[in-house]
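Asker: This is the structure I want to talk about, given as structure tokens.
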Amino acid sequence: MSGRSSRVRRLVRVWDELRGRSGQRVVDLIRGQIAVVRTGAALACSTASGTIGRSDARARMAEIEHEGDAARAALVRALWRILATPIDREDLFRLSRSIDDVLDHLRDFVREADLFGPADLGFAVEPLQAVLDGLDDLEEALLRILRDPGSVTMAVLATRKSRTRVRQLAQARLTELFTGPLRMDTLRERELLSRLDAVGRRLGESADALADAMLKRSH
């Protein structure tokens, strides 16, 4: 009887795969990972605007990092059990890792802002808002994998634009800094601007990972 039950479960599993439920599950798991990163970006933005204290933000970010690790682990576990995925597993791992890297650099920004950040972090608000916009656009592109796969490559362009926006804002602020007197806060701000640029780079890599996966799938 147990053998028969096992075969029935396998047949149900295959049927679910054929009906596309596994694809939706994978998409939902990656969306969950993006949601955690978005929470981290929102926290960093609140830190920059002074809405939350830096030490409190650092403690909260540690919790968010654990949530991100759990979300990534859930995806990895699911990929061992799922028969069919909407894009190659290798590309899913790359996408998940790139999203996780965004969170790692956001964590470092909050930590460094607490350790040696300048008195005013207002310069970081706009770049971090661009990161939030890029994450929203990345999620929208992800949703199109199942409902309109042909439009995913174009959809990720919005995330790439957000990445470019982060870089442009960081460079503009650096230009302002270097035209003024060299102070200790100048050096501190430069380090944090470099960290924000790293956040943007990892966001761009996430977009590239999804676009490359869809290009591979189309061949």
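Asker: Residues in region 110-120: is at least one open to solvent by 10 Å² or more (accessible area, probe 1.4 Å), within 22 Å of residue 32 (Cβ to Cβ), without any contact (Cβ under 8 Å) to a residue 24 or more places away in the chain and in a helix (DSSP H, G or I)?
Answerer: So far as region 110-120 goes, no, none of its residues is open to solvent by 10 Å² or more (accessible area, probe 1.4 Å), within 22 Å of residue 32 (Cβ to Cβ), without any contact (Cβ under 8 Å) to a residue 24 or more places away in the chain and in a helix (DSSP H, G or I).
Asker: Only one of (1) under 14 Å from the mean Cα position of the chain (by Cα); (2) at pLDDT below 95; (3) surrounded by fewer than 17 Cβ atoms within 10 Å (Cβ to Cβ) fails for residue 97. Which number is that?
Answerer: Answer for residue 97: the failing condition is (2).
Asker: What residue, of 114, 100, 104, 108, is acidic (Asp, Glu), closer than 18 Å to residue 199 by Cα and out of contact with any helix residue (DSSP H, G or I) (no Cβ under 7 Å at 6 or more places or on another chain)?
Answerer: So the residue among 114, 100, 104, 108 that is acidic (Asp, Glu), closer than 18 Å to residue 199 by Cα and out of contact with any helix residue (DSSP H, G or I) (no Cβ under 7 Å at 6 or more places or on another chain) is 104.
Asker: So, residue 203, is that one under 19 Å from residue 119 (Cα atoms) and either modelled with pLDDT of 95 or more or part of a helix (DSSP H, G or I) (or both) or not?
Answerer: no
Asker: Here is a further query. For residues in region 37-79 being basic (Lys, Arg) and closer than 19 Å to residue 138 by Cα, which is least open to solvent (accessible area, probe 1.4 Å)?
Answerer: My answer is 72.
Asker: On to the next question. Mind checking which residues of region 173-191 are open to solvent by 50 Å² or more (accessible area, probe 1.4 Å) and either within 22 Å of the chain's Cα centre (by Cα) or among the β-branched types (Val, Ile, Thr) (or both)?
Answerer: 175, 179, 191
Asker: Can you say whether residue 170 is small (Gly, Ala, Ser), open to solvent by less than 40 Å² (accessible area, probe 1.4 Å), touching a residue at least 24 places away in the same chain (Cβ under 8 Å) and more than 14 Å from residue 205 (Cα to Cα), as far as the supplied structure shows?
Answerer: yes
Asker: Same structure again: Any idea which of (1) assigned to a helix (DSSP H, G or I); (2) without any contact (Cβ under 8 Å) to a residue 24 or more places away in the chain is the one residue 212 doesn't satisfy?
Answerer: Only one criterion is unmet by residue 212, namely (2).
The values are calculated or read from the model by the stated rules, or taken from the named source; none is laboratory data. This structure is a prediction, so every number in the text was calculated from the model and none was measured. As a convention, Cβ positions derive from the backbone with ideal geometry for all residues, glycine included, and neighbour counts pool all protein chains shown. Ligands, DNA and RNA are excluded from the accessible area calculation, which covers all protein heavy atoms including side chains. Shrake-Rupley method; radii C 1.70, N 1.55, O 1.52, S 1.80 Å.
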